[in-house]
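Trainee: Pasting in a structure now, in structure tokens, and then I'll have a few things to ask.
Just so you know, all these numbers are worked out from the coordinates, no wet-lab data involved. Not measured: the values here are computed from a predicted model. With ideal geometry, Cβ positions are generated from the backbone for all residues, glycine too; neighbour counts draw on all protein chains shown.
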Amino acid sequence: MVLQAKRHLLLIFFATVLVLVAALVWMGLQLLRQDRALAGQRVREQCEAAADLAVASLQEQLSRTEEQLTALSAASSADLAAAAPAFAGRLAADSVLLVLGAGGMDAYPEHRLLFVPDADPPPPVVGALFADADALEFRRQAFREAIAALGPLARHADPAVRAEAQLRLARCLWKSGDSSASLAAYGGLARFRSLPVMGLPAEVAAHEGRMLVFEARADRNSLHREAAALCGGLRSGEWRLSRRAYEFYRNEACGRIGSPPPDPPEALALALAAGETWANRRAGGAGRRIVWHENTPILLVWRSGAERTAVAALGRRHIEADWLNPRPGARLALSDPEGRIVAGAAARAAVPQTVRLASATRLPWTLHASAPEDSQAGALPARQRLVMTALFTLVLLVLAGIYFIGRAAARELEVGRLQSDFVASISHEFRTPITALRQLSEMLAGGRAVDEGERQEFYRAMAAESERLHRLVEGLLNFGRLEAGAIEFRMETLDAAEFLTSVVAEFRKSAEAREYEIELDAGGTPPRVRCDRAALACVLWNLLENAVKYSPDCRRVWVGLAREGLRAVIRIRDRGIGIPPVEQKRIFQKFVRGAGAKSRSIRGAGVGLAIAGQIVAAHHGAIAVESVPGEGSVFSVLLPEVE
Ligand code: ADP
């Protein structure tokens, strides 16, 4: 009943603690949720502020650029010559200023375009000057004479004539079989740099001619060098070439140095945007437009004046580095009306972002501001981690507390259960001798003994029962004193063999009455031990009593004494019911009784071995059991030997 109540109390306690833990976890999670919401709100506010700042700065940059373009489109030629390079000097490497006038299109910086939309008009024909030389070269194949005819023209005052003469000279020398002289002549031609010769920059014509010579000579190294020089020049936009010429010579030259690598996308997009600008040159007015080539966007901003149109073709790098400076607390991106990212980096889909539509800002892009990725791993998660850790530790502590309390309570319950078993057993233990004594004394008082012999028999039985009662009470008193630590041992040095013999002799009397035999083997040199005679006798008596009690079938018990190392060992062996391995340690605890003892209704209170264990420990000794269920047990008492 009491145990049941205790169990209920324990359950109520655990349930309360669990409810508390659950409440704690719930509160922690709420705290985290609120914290996250708060942090999200802060990030959103940061993004809003960053977006407003970015819009203002982009609007300012754009209108400043437009003002400058207006000024350029209306400037005098002299002012333009100074202002255009200054404007271009502030552009990033993927941007260019285009000035479209009656005479064609000029790019600033000069060499930024891979090719120009429309090549210059063909150079003035100077064919008449070369009629004789051409006739000698082509019709009569008289190359030496043609070379002689070209001599004076190569010294002509007009560089265009000189350059054409140089080209023909190099060609005729080659045809006449003098390849070294031809190469030298091409070298001379290259010195005219970008001067157009028969529609091509002189340098390109010279490279092309020399490549043919080296190819014919099978001079692979020189051919490779020449092709690399031409290819490098083409890629750096060194010459004003039409798109078709650019692509032809790029394939010619770059093809000879291996597979031609693709054109740099930014430069290609810029050249194509310039082409588009040129194609729409008559549209005039003012405007902004984003054009794409593959994945490269170019923003075209233009202003037209009476004389010319000034166009800024701005690449991604210019906008990112100059206009879209990174701002703390937000990451910015610009997208075109179709949602393609023009500048900056797109945010991950899950990240909240602030958007400023092009229609609202009057910018050519939609602006996106989002929390930078590292802000997710910054101060906010650190705080969350702290709360989580605290929560986790708390839950762990509470769970550990529950575990230990549970364990202690389970132990208490077990002790309680054992105690109530003990009370039941001890009552029984007392009742049996008391009942016997009462009956015997009643019979004696009632004169029911027939003769003197029977009367003596009754007296002997009464003496045996009172002895049993005495031992029971002594045992319990000893146990109580031992528990309270109130027992005082009177130590003396004993001859172990002599002592054991006297205890066994005493026990034999009680055993023989139950028809048990005790066999003692105390041979060998008797060891000497220091002990309390009465206490040690109590230990041995308990063990002998158990050996008899738990051996219902075999009515013989063996007692032995031996010296092992520096210890005296007393062994008490029976061939009784034995003890299962799981019980072998527990039986030395107070109130613990084995399952075999209970199932066979063998009398006992479960304190005998606990008393024995405590007394032996007080003698600095040890007690051990070896047992096989069904075969018997051996209890050994080990005591330190003295000199
Ligand atoms: P009790 O004998 O009064 O039950 P003990 O403390 O003397 O209490 O013994 C504890 C338990 O150990 C016993 O209940 C029994 O199960 C087991 N036991 C002790 N000695 C023996 C033995 N010689 N043979 C078998 N079991 C034993």
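Trainee: Using a Förster distance of 45 angstrom, determine the FRET efficiency expected from the C-beta separation of R220 and A92, and round it to 0.05.
Mentor: Numbers: r = 39 Å, r/R0 = 0.88.
E between R220 and A92, to the nearest 0.05, is 0.70.
Trainee: Return the ratio Rg/(2.2 N^0.38 Å) for the stretch 10-75, where Rg is computed over Cα atoms only.
Mentor: It is 2.62.
Trainee: Using DSSP, restrict attention to beta bridges with both residues in the stretch 507-630 and report what percent are antiparallel, rounded to the nearest 5.
Mentor: 60 percent
Trainee: Could you sort out which of K509/K590; K509/K549; K6/K590 sit more than 24 Å apart by Cα distance in this structure?
Mentor: K509/K590
Trainee: Roughly what % of Cα-Cα distances in the stretch 3-119 sit above 24 Å, to the whole percent?
Mentor: 63 percent
Trainee: Please list, in order along the stretch 313-320, the HN-Hα scalar couplings obtained from phi with the Karplus expression 6.51 cos²θ - 1.76 cosθ + 1.60 (θ = phi - 60°), rounded to whole Hz, x for Gly and Pro.
Mentor: 9, 10, x, 4, 5, 5, 5, 5
Trainee: Using alpha carbon coordinates only, what is the Rg to Rh ratio of the stretch 495-643, with Rh defined as the Kirkwood radius? Show your work: numbers first, answer last.
Mentor: Numbers: Rg = 14.6 Å, Rh = 15.4 Å.
Checking Rg against Rh, the ratio lands at 0.94.
Trainee: Still on this structure, I have one more. Give me the number: length gained by fully extending V161 to R431, i.e. 0.36 nm times residue separation minus the C-alpha to C-alpha distance, one decimal in nm.
Mentor: Values: separation 270, 0.36 × 270 = 97.20 nm, distance 14.61 nm.
The span from V161 to R431 would gain 82.6 nm if fully extended.
Trainee: When the chain is fully extended, how far beyond the present Cα-Cα distance does R556 get from V398, taking 0.36 nm per residue of separation?
Mentor: Between R556 and V398, full extension yields 51.2 nm more.
Trainee: Something else about it: Two decimals is fine: what is log10 I(q)/I(0) at q = 0.22, 0.23, 0.24 Å⁻¹ for the stretch 439-494, from a Debye sum with one equal scatterer on every Cα and no solvent?
Mentor: The computed values of log10 I(q)/I(0) come out as -0.84, -0.88, -0.92.
Trainee: Further question on the same structure: Give, to the nearest whole percent, the P(r) tail of the stretch 302-346 beyond 13 angstrom, counting all Cα pairs.
Mentor: 64 percent
Trainee: How large is the dipole of the stretch 139-216 about the Cα centre if only Lys and Arg carry +1 and Asp and Glu carry -1, each at its Cβ, rounded to the nearest 20 debye?
Mentor: It works out to roughly 200 debye.
Trainee: Further question: Alpha carbons only, please: Rg and Dmax for the chain, in angstrom.
Mentor: Rg, Dmax (Cα atoms, Å): 57.7, 179.
Trainee: Please report the antiparallel percentage of DSSP beta bridges with both residues in the chain, rounded to the nearest 5.
Mentor: In the chain, approximately 90 percent of DSSP beta bridges are antiparallel ones.
Trainee: If the chain between L444 and S466 were fully stretched, how many nm would it gain, using 0.36 nm times the residue separation less the Cα-Cα distance?
Mentor: 6.3 nm
Trainee: What's the magnitude of the charge dipole for the stretch 1-99 around its Cα centre, counting Lys and Arg as +1 and Asp and Glu as -1 at the beta-carbon? Answer in Debye, nearest 20.
Mentor: It comes to approximately 1200 debye.
Trainee: How far is helix 179-190 tilted, in degrees, relative to the longest principal axis of the Cα atoms in the chain, given as a value from 0 to 90 rounded to the nearest 10?
Mentor: 90 degrees
Trainee: A further question on this structure: Compute the distance in nm between two label points, each set 7 Å from the Cα along the Cα-to-Cβ direction, one at R139 and one at A15.
Mentor: 12.4 nm
Trainee: Tally the DSSP beta bridges in the stretch 431-575 and give the antiparallel ones as a percent, rounded to 5.
Mentor: Details: 13 of 18 bridges.
Within the stretch 431-575, antiparallel bridges account for around 70 percent of the total.
Trainee: Same structure again: Taking the Cα centre of the chain as origin and charging only Cβ (+1 Lys, Arg; -1 Asp, Glu), how large is the dipole, in debye to the nearest 20?
Mentor: 780 debye
Trainee: Based on the inverse mean of 1/r over its pairs of different Cα atoms, what is the Kirkwood hydrodynamic radius of the stretch 123-200, in Å?
Mentor: 12.3 Å is the Kirkwood radius here.
Trainee: Tell me, what are the semi-axes, in whole angstrom and largest first, of the equivalent ellipsoid of the stretch 398-481 as set by the roots of 5 times the Cα gyration tensor eigenvalues?
Mentor: Working: eigenvalues 440, 28, 8 Å².
Ellipsoid half-lengths, sorted descending, are 47, 12, 6 Å.
Trainee: The stretch 206-276 to the stretch 414-429: how many Å between their Cα centroids?
Mentor: For the stretch 206-276 versus the stretch 414-429, the Cα centre distance is 107 Å.
Trainee: Based solely on its DSSP helices, what 222 nm [θ] is calculated for the chain when runs of n ≥ 4 H residues each add -39,500 (n - 2.57) and the sum is averaged over all residues, nearest 500 deg cm²/dmol?
Mentor: Here the helix-only value at 222 nm equals -18500 deg cm²/dmol.
Trainee: Between A286 and R191, what FRET efficiency follows from the Cβ-Cβ distance if R0 is 45 Å, with the result rounded to 0.05?
Mentor: After rounding to 0.05, the efficiency reads 0.55.
Trainee: Now for a separate question. Using a/c under 1.5 as the rounded threshold, could you call the stretch 206-293 rounded, prolate or oblate? The axes a ≥ b ≥ c are square roots of the C-alpha gyration tensor eigenvalues, and prolate needs a/b larger than b/c, oblate otherwise.
Mentor: Prolate shape, in that a/c is at least 1.5 and a/b is the bigger ratio.
Trainee: Then there is this: Calculate the spin-label point distance for D421 paired with T70, positioning each point 7 Å from the Cα along the beta-carbon direction, and give it in nanometres.
Mentor: Once both label points are built, they end up 10.5 nm from each other.
Trainee: Same structure again: Provide the FRET efficiency to the nearest 0.05 for the S359-R42 pair, computing r from the beta carbons and using R0 = 25 Å.
Mentor: Calculated value: 0.30.
Trainee: So, in nm, how far is label M198 from label E452 when the simple model puts each one 7 Å beyond its Cα toward the Cβ?
Mentor: It is 16.8 nm.
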